[in-house]
Every structure is written in C-alpha cells, then in structure tokens.
Amino acid sequence: MKTIRVRVSDTDYQKYNLETDQDVKFSDLVERISLEYARKALIECNEIARQTGLSDMTFAEIDAEIKAVRNAKSNS
C-alpha cells in the first residue's frame with residue numbers, strides 16, 4: 001500500500017470530517033467527497049424545481065406527465 005500527502009484547506013478539512021481521523025483510506029475520502037457533490041446536486045435540483053414550478057406539481061400531475069412520455073415513446 002502506498003501513502004500520499006494531500007494539502008487540504010481548513011474549510012474542506014472540517015467539511016469532510018477529517019478532524020477526527022489520523023489516517024483516511026482513499027476509498028473513504030472519495031466516498032466523503034462524492035456525498036458532498038451529491039448533496040450539492042440535490043440542492044441544485046430542488047432549486048431548479050422550485051424556480052420552474054415543478055415542486056408544486058401534484059402526484060396526479062406527475063403521473064399524467066409520466067403516462068404522456070411513456071405513450072409518446074411507445075407510439076414513436
């Protein structure tokens with residue numbers, strides 16, 4: 001196994017919860033960073049849904065949209 005040194009800003013050090021770990025496995029670091037990117041993407045998607053009015057759709061409206069897309073795919 002190889003060991004590397006990585007410089008990390010104080011902000012990222014706290015954000016990725018590196019404060020309590022002396023040694024961090026690379027796979028664990030990748031997982032932490034991936035979760036942060038996923039969290040940011042979810043927040044962005046929610047904001048887009050709010051801005052476009054999608055977050056106000058009822059379940060019936062969502063179901064109707066799904067049916068319309070499925071029907072369009074099957075008829076093409």
> Considering 27, 55, which residue is loosely packed, with under 11 Cβ neighbours inside 10 Å and polar (S, T, N, Q)?
Replying inline: 27
> Counting only residues that are within 27 Å of residue 2 (Cβ to Cβ) and either assigned to a helix (DSSP H, G or I) or touching a residue at least 60 places away in the same chain (Cβ under 8 Å) (or both), how many does region 19-76 have?
Replying inline: 12
>> Which residue is farthest from the chain's Cα centre (by Cα), if the candidates are limited to region 1-18 and must be on the phi < 0 side of the Ramachandran plot, in a loop (DSSP other than H, G, I, E, B) and among the polar types (S, T, N, Q)?
In response: 3
> Of the residues 64, 38, 60, which is surrounded by 11 or more Cβ atoms within 10 Å (Cβ to Cβ) and among the aliphatic types (A, V, I, L, M)?
Replying inline: 64
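Readers should treat all values here as calculations from the given coordinates under stated rules, not as data from a laboratory. Keep in mind the model is a prediction, meaning the values are calculated, not measured. Reconstructed Cβ throughout: ideal geometry from the backbone, glycine too, with neighbour counts over all protein chains shown.
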